[in-house]
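Let me begin by presenting the structure, written as structure tokens, before commenting on it.
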Amino acid sequence: MASADIAMLTTMDANTHTAAQIFEAFQRDGAVIVHNMLSDDVRSQLRNELAESMRDTRPGTKSSDTGVQEFWGSNTKRFTRLAMRSKAFRDNVLVHPILLGVADAVLRPHCASYWMNTGQMMIIGPGEKAQWLHRDADNWPLVLGPGERQVTVSCMFALSDFSAEGGATRVVPGSHAWDNFERKALDHEITQAVMPAGSGLLYSGTVLHGGGNNTTTDTWREGMHLSYVVGWLTPEEAGCVGLPEELARTLTPLQQQLLGYRCYTGDAKAARLWTIDYEDIPTAMNWE
């Protein structure tokens, strides 16, 4: 953080900063804002391809679980299956070179390969209250803790401007390095990822964060979350179930791997995982 008293996030630009500079800020603070991660053309294509889903998805969850309801929010729209819904997501977001570079550096020391944890639209509506602060690695509590291996990396892409009043993501820079993950963040340790459309908030799976309070009366914050998880853990989203086989066959091996259409292999310490007849999925399905 830039100050010991007031939390701040480092802001960089994909057009002027190197991958090494971006990763240095990510490692230090657990999160970094990167402007211009998406071009205007890609962002426009994403919004066009997802427009129907963004319009027709109803706010809130269908779950009867009160914890899910609280976490989700009553006026927040969420949906996945982005690889099926959007070519721009498949070609420009799923394999974004900056996010892949961070994931390679953070996750590959602990796995042979990683795959998509979830690709999810998170659209915060007017009047939505702030989400509780959490760590994405909370999904796998047995591997979460200070000093433990990193298992997930995320990016929140802004498809619309992220303003403080519109619900920009709240972040606690440096919380990934705390000795005690049970302690609560103090008010002065919390900041918001205010950023223009096309930017991305890259953040560690062990940094505290959460959706912000949308105090507007007419603004929907359009956020697109993409995260990766080590290949030996179960992802949040059943990526391959949400993508038809005929479409998966047209993708590159990397896209197939990230979406769960290839097995986990290559690690001398692990068996082959996620197979069919103990074969890689394309081989078992006679794709090649």
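FYI, it's all coordinate maths here, none of it is from the lab. The structure displayed is predicted, hence computed values, not measured ones. Here Cβ is always computed from backbone atoms with ideal geometry, including for glycine, and neighbour counts include all displayed protein chains.
Once backbone amide H atoms are built at 1.01 Å from N, THR76 has GLY60, GLY125 as its partners under 5 Å, excluding neighbours fewer than 5 places away on the same chain. In terms of surrounding Cβ atoms within a 10 Å radius of their Cβ, LYS87, LYS62 rank from fewest to most as LYS62, LYS87. Rounded to the nearest 10 degrees, the inclination of helix 19-29 to the longest alpha-carbon principal axis of the chain is 60 degrees. Take the Cα of ARG28, go 7 Å toward its beta carbon, and the backbone nitrogen atoms of the stretch 140-176 under 12 Å from that spot belong to 174.
Cα centroids of the stretch 72-92 and the stretch 208-255: 6 Å apart.
When the Gaussian network model of the chain links Cα atoms closer than 10 Å, the mean-square fluctuations of ASN117, ASN92, ASN180 top out at ASN180. Using the rule -39500 (n - 2.57) for each DSSP H run of four or more residues, divided by the residues of the chain, the 222 nm mean residue ellipticity is -6000 deg cm²/dmol. Placing a pseudo-label 7 Å from each Cα along the Cα-to-Cβ vector at ALA20 and LEU273 gives an inter-label distance of 3.3 nm.
Helix 97-107 axis versus longest C-alpha principal axis of the chain: approximately 80°, rounded to the nearest ten. Less than 5 angstrom separates the built amide H of TYR114 from those of GLY231, all sequence-distant by 5 or more or on a different chain. Proximity of backbone amide H atoms, modeled 1.01 Å from N, is registered between VAL153 and TYR228 at under 5 Å, excluding neighbours fewer than 5 places apart on the same chain. Over the chain, Cα pairs under 8 Å with separation of 6+ residues give a relative contact order of 24 percent.
A simple rule links phi to the HN-Hα coupling: the Karplus curve 6.51 cos²θ - 1.76 cosθ + 1.60 with θ = phi - 60°, which for the stretch 149-163 gives 5, 7, 10, 8, 9, 10, 9, 9, 8, 8, 8, 10, 4, 9, 10 Hz, with x for Gly and Pro. The ranking of TYR278, TYR114 from fewest to most other beta carbons within 10 Å of each one's beta carbon is TYR278, TYR114.
Between 0 and 90 degrees, the angle of helix 40-56 with respect to the longest Cα principal axis of the chain falls at about 90 degrees. Per-residue 3J(HN,Hα) values for the stretch 248-256, derived from phi via the Karplus relation 6.51 cos²θ - 1.76 cosθ + 1.60 with θ = phi - 60°, read 4, 5, 8, 8, 6, x, 5, 4, 4 Hz in sequence order (x marks Gly and Pro).
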